[in-house]
Amino acid sequence: MDLSLTPSQTELRDRARRFTREVLQPLEQEAERGGGRLPAETADAVKREALAARLHGGSLPVAVGGQGWSVIEQVLVHEQRGRGGDRDGEGQLLGPAEAE
């Protein structure tokens with residue numbers, strides 16, 4: 001059984017890694033100071049970046065605006081998120097835009 005990643009899975013993993021490193025990790029200290037929340041304008045910017053990176057709606061079908069990821073593809077993205085920057089408190093790449 002070959003468990004190698006496909007080229008599209010490798011690209012997804014690398015894209016999620018870049019997003020985590022370049023977008024989420026730089027915001028960690030700000031989120032910590034805000035009790036796990038970011039200001040609304042910052043959260044909105046993160047959402048725009050996630051949409052641009054096609055890292056939204058992973059498990060939702062493409063027909064309803066999601067990415068249609070397989071379980072393996074979801075794991076690849078979650079693995080990268082585990083490197084830091086998952087600060088929305090809901091376990092989503094795209095958390096609520098409102099700061100409480």
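Do the conditions hold for ARG87, that is, is it over 20 Å from PRO39 (Cβ atoms), of a type in the set (Lys, Arg), outside any helix (DSSP H, G or I) and modelled with pLDDT under 95? Reasoning before the result, please.
Values: over 20 Å from PRO39 (Cβ atoms): no; of a type in the set (Lys, Arg): yes; outside any helix (DSSP H, G or I): yes; modelled with pLDDT under 95: yes.
No.
Is it fair to say LEU24 is under 23 Å from VAL71 (Cβ atoms) and at pLDDT below 95?
Numbers: under 23 Å from VAL71 (Cβ atoms): yes; at pLDDT below 95: yes.
Considered against the rule, which asks whether it is under 23 Å from VAL71 (Cβ atoms) and at pLDDT below 95, LEU24 comes out as yes.
The values are calculated or read from the model by the stated rules, or taken from the named source; none is laboratory data. Predicted model only: the values in this text are computed from it and were never measured. Cβ: placed from backbone, ideal geometry, glycine included. Neighbour counts: every protein chain shown.
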